[in-house]
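Just so it is clear, none of the values below were taken in a lab; they were calculated from the coordinates. Please read all numbers here as calculations on a predicted model, not as lab measurements. Positions of Cβ are backbone-derived with ideal geometry, glycine not excepted, and every protein chain shown enters the neighbour counts.
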Amino acid sequence: CMLIPSSMPRLKGYRFPREVVAYAVWGYHRFALSTADVEDLLAERGVIVSRETIRLWVNRFGSHFAACIRRDRPRPNDKWHMDEVVIPINGVKHWLWRAVDANGDTLDILVQTRRNAKAAKRFLSRLIAQFGQPRVVITDKLRSYFKLIARQTPGADHRAHKGLNNRIEGSHRPTRRREKIMGRFKSPRQAQRFLATHDQINIIFKPRRYRLTANSYRHARADAFSLWTDYASEMTA
């Protein structure tokens, strides 16, 4: 099990210690695992719990960890990449809007039914409310962006070019992998909840290893586990 002190107080109304709950949430989001996979990992450690219980833990506490990460993360880079991709939900086309900074860390995601000026404005307004004005905004050539960015971020350098947005194109790949494992998303609410959590957890547990020495990577991983321990201690029922 993860190195979370067993002296942590038990969550009120929960049969298992909070370190077990935190481990299940971590395993589900850190790796491309299903709830059945996490059930087996826990069983190997002597913890017998159903996949449905794990699903409830992930839904209940995943957002807690994501909120803690957003709260404590350093101020993101002011160069933003914005993009939108199709995600089918119950046979209906939806659009996943995602923004990442120059380091590839997710700023925000928003699942919407449209890919138009109104949807773009809603997403950009969310970003500005959270992070202030950007210095540079890089998008694809969706026409809805042009007047909107000029009006909403008058001081920003807007660059619309497919080749410049490779950073965010790559950030969609983990979403596609999880979408396949989950058998597609069942509702817009489920997709929003899962992806908003998953992207934030991966910020601390997936540093860009190719940029780090082995020693630096181990320090980054130790820091991530330390943060997870702190966040587990803040969990409330």
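A few notes on this one:
- Based on every Cα atom in segment 92-209, Rg and the maximum pairwise Cα distance Dmax equal 14.4, 43 Å.
- Oblate is the label for segment 1-107, because the ratio a/c of its alpha-carbon gyration tensor axes (a ≥ b ≥ c) is 1.5 or higher and a/b is not greater than b/c.
- Computed extension length for THR236-GLN133: 33.7 nm, one decimal, from 0.36 nm per residue of separation with the Cα-Cα distance subtracted.
- Build a GNM of the chain with springs between Cα atoms under 10 Å apart, and of ASN103, ASN116, ASN215 the one that fluctuates most is ASN215.
- FRET efficiency, 1/(1 + (r/R0)^6) with R0 22 Å, evaluated for ARG209 and ILE181 via beta carbons: 0.50
- Extreme residue, positive dipole direction of segment 69-150, given options THR106, LEU124, ILE69 (C-beta unit charges): LEU124
- Taking a straight line from the alpha carbon of LYS118, these aspartates and glutamates sit under 18 Å away, with near neighbours fewer than eight places off in the same chain left out: ASP83, GLU84, ASP108, ASP140.
- Above-threshold pairs, the threshold being 22 Å between Cα atoms, out of LYS93/LYS141; LYS93/LYS186; LYS121/LYS206: LYS121/LYS206
- Spin-label zone in segment 76-113 - amide nitrogen under 20 Å from a point set 7 Å from the Cα of HIS158 along the C-beta vector: 78-85, 97-102, 108, 110
- Here segment 17-35 and segment 167-201 have alpha carbon centers that stand 16 Å from each other.
- Structural size metrics of the chain, computed from C-alpha coordinates, are Rg and Dmax of 19.0, 58 Å.
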